[in-house]
Amino acid sequence: MGTQFDVVALGELLIDFTENGKSAQGNPLFEANPGGAPCNVLSMLQKLGHTCAFIGKLGDDMFGRMLRGTAEDVGIDTRALILDPAAHTTLAFVHTAENGDRDFSFYRDPGADMLLREDEIPEELIRSARIFHFGTLSMTHEGVRAATKKAVAIAKESGALISFDPNLRPPLWASLEEAKAQIAWGLSQCDVLKIADNELQFMTGETDFEAGAAILRREYPNIKVLNVTAGADGSYSFHEGRTVFVDSFRLGGTIETTGAGDTFCACVLHYVLQNGAEGLTEAQMREMLRYANAAAYLVTTKKGAIRSMPEPEDVEVILTNH
């Protein structure tokens, strides 16, 4: 192998069909946006100058080939991306409300991403990673869950930092108890956590972020950097007994929030790659969140995610001017 990757991610690469007006006949029009949380994260990391590889499975169909091409276009290494002729690429239809919130309908029964098997996990590739990143869409079904757990075990054994984003999508789980159990497993494995406000409440029953984070820190002392995103309200970082909150950038022009959390997550991993996951000062935590918030704001001003990631210079402009 020889190549050292900054970040290797495992999970879903899919098409987000986002609403794009109506046709002359009054029918809804949908735009086929390449997406999938782990690949969104890698896409932003590539923009920030990191080397990334993706592990997953697509259908050997029109959408699968388009997605592989998209990942390659943004510079992600796809040697571990399998095209399966016997499965369809997973599709998500995204309904966006007036305020930018989203409602998902998934076509994934089964979708290719959930058919990744344990024996398809590329051990050498994972051993070459500085950070291994995953979410829970690769944990909704038994086979792909076993593959995910094997990948995490290899990454830990080889000394990589583990990054986890629960990315809770209730419609994809047989039950919410099952979702809770698998998220808890992810929490028990990771060094760096990005969790959204609704997921924190789901796991702890707390609406107060600091109280919820305190529960997670007590139950999962393995988490070195715990970040909570609160949408338009901003974000929190909890690290070695320190707590920092940074307001979001509310500069108008938000179209939809797809990819905002993934952009945030990528910027945090960028910071950790540069500064490590231990001994961060309050000033560093604040700097990390400001950068991540600015980039997350920029991605909400465009549709889709993988092809909409902001340029680092555009992030700097926001940080300098606001």
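Per-structure values
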{"item": "Helical contribution to [θ] at 222 nm, DSSP H n ≥ 4, -39,500 (n - 2.57), averaged over the chain, rounded to 500", "result": "-11500 deg cm²/dmol"}
{"item": "DSSP beta bridge pairing in the chain, given as percent antiparallel to the nearest 5", "result": "40"}
{"item": "Cross-link reach list, lysines versus LYS150, counting only Cα pairs under 21 Å and skipping chain neighbours closer than eight places", "result": "LYS57, LYS180"}
{"item": "For the stretch 27-165, share of DSSP beta bridges that run antiparallel, in % to the nearest 5", "result": "35"}
{"item": "Per DSSP, loop GluC sites (Glu not before Pro) in the stretch 213-276 with at most 14 further Cβ within 10 Å", "result": "GLU240"}
{"item": "Candidate lysines - alpha carbon under 28 Å from LYS22, same-chain residues fewer than 8 apart omitted", "result": "LYS302, LYS303"}
{"item": "Net charge of neighbours whose Cβ lies under 12 Å from the Cβ of ARG127, counting Lys and Arg as +1 and Asp and Glu as -1", "result": "-1"}
{"item": "Relative contact order, percent, the stretch 1-160 [alpha-carbon distance under 8 Å, six or more residues apart]", "result": "27"}
{"item": "The stretch 94-191 - percent relative contact order, Cα under 8 Å, separation 6 or more", "result": "26"}
{"item": "Percent antiparallel among DSSP beta bridges (both partners in the stretch 87-243, rounded to 5)", "result": "50"}
{"item": "Interchain or long-range residues, amide H under 5 Å from GLY234's placed H", "result": "SER248"}
{"item": "By average C-beta atoms within 10 angstrom, highest first, the peptides 155-167, 310-322", "result": "155-167, 310-322"}
{"item": "Sparse-neighbourhood loop sites, trypsin sites (Lys or Arg not before Pro) in the stretch 235-298 - DSSP loop, at most 12 other Cβ within 10 angstrom", "result": "ARG250"}
{"item": "Cα shape, the chain, gyration tensor, a/c 1.5 rule", "result": "rounded"}
{"item": "Relative contact order [Cα under 8 Å, 6+ residues apart], the chain, whole percent", "result": "17"}
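Computed from the coordinates by the stated procedures, all read-outs in this text should not be read as laboratory data. It should be emphasised that the depicted structure is a prediction, and the values quoted were computed from it without experimental measurement. A quick note on method: Cβ atoms are made from the backbone with ideal geometry, for glycine too, and the neighbour counts reach across all protein chains shown.
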